[in-house]
Amino acid sequence: MTSIIKVDTIQTAAGGTPTASSLGISGTGKIGQVVQTTTNTKSTSNSNSFVDATNLNASITPTSTSSKIYVAVTCAGCRRTGGQNYHTIDIHRQIGGGGYSSLRRIENGLGYSGVSETVSYQCNGFLLDSPSTTSQVDYKIMFKNETGNGEVHINNDGQELSQFTLMEVLA
């Protein structure tokens, strides 16, 4: 015979949100959840202001304020110039709709010159974030062309594959 217990919410005696350790579950340092998005959609910018990389965003809701979020990103693509070109790719974070802020620069591209020059690249970035919240945390990749000359691309021809992965590390 099997039994099933279904509840909507579990609270501590003080009315707070329980952690794995307060429930007697040894989960410290283990992965609680994984969210991943992949895309081969081309993103283009000739702006020297940050713009969103298409489909390179993900959200996660930590189960505890002591949880950390491991962020891993691989951007595949190409930067193309119409003169001098210098690009920047960053990981940005927003907690509970409070506005995005840059967490980590994952690529500072070198300057290239030449009207038809195209240079392929792949960049990888990793970050262990401590958002200290149980609210939804949104992460995204943003990029810009530092000089505003020519264009920079992520997934230039739609055949590259970029990945964005979030993992909750239980504390």
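Bear in mind that the values in this text are calculations on the coordinates, not laboratory data. As the structure is a prediction and not an experimental result, all values here were calculated from the model. Quick reminder, even Gly has a Cβ in these numbers, built from the backbone with ideal geometry, and neighbours come from all protein chains shown.
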(request) Highest first, please rank the peptides 92-103, 136-147 by the mean number of other Cβ atoms sitting within 10 Å of their residues. (result) 136-147, 92-103
(request) Return the FRET efficiency for the residue pair Tyr100, Val7: r is the Cβ-Cβ distance, R0 is 35 Å, and the value is rounded to the nearest 0.05. (result) 0.50
